[in-house]
Amino acid sequence: MSERSARARPASTAVVPGRGVAKAVVDGRRVDQDSPLARLLVGRPPLRRTMKLAVLAALEQRTALRYTMPGMTSTETASYIKHHLGIAGRSDQLFTDNAVTLIHTTSRGFPRAVNNLCLQSLVATFAAGKSLVDEKTAQSAVTEVLD
């Protein structure tokens, strides 16, 4: 590839921000119309708030596309839980339908929250000497995670 064609193509950078990472990366770059750098910022909901800061106004104004991934549906959450149990080597039912519904409602279908609630539900079920996560043990997990 010639130097001229390499300059004509915009560079691409992917940033997965943690605390302060997005600000540090963006502050170190010149953001103007002459800059050939195209950025792909990928992050959790706090990134949207960070982008609203005055020091990032130039970058915020040049953001052409935003996408927020929605949570899973109730059916997708149930399939997600079943899939992960299968990966762990369990093909039997460990969660009642009511427990799955409570986990979905509380987590709003976001995978990380589903994982946390399922883990806490399994711990609560074990502590109660049960073999099936029911709505009561799922509710104790919800209380544990949210308090």
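The values are calculated or read from the model by the stated rules, or taken from the named source; none is laboratory data. Because the structure is a prediction, the values reported are computed rather than measured. For accessibility, only protein heavy atoms count, side chains too; no ligands or nucleic acids. Shrake-Rupley method; radii C 1.70, N 1.55, O 1.52, S 1.80 Å.
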Point to revise | Filtered residue count, the range 27-64, keeping only those that are at pLDDT 80 or above, assigned to a loop (DSSP other than H, G, I, E, B) and open to solvent by 100 Å² or more (accessible area, probe 1.4 Å) | key: 1
Review point. So which helices (runs of 4 or more DSSP H) stay within the range 69-147 end to end and still have 3 or more residues that are closer than 27 Å to Val42 by Cα, open to solvent by less than 70 Å² (accessible area, probe 1.4 Å) and not polar (S, T, N, Q)?
Key: 74-87, 111-127
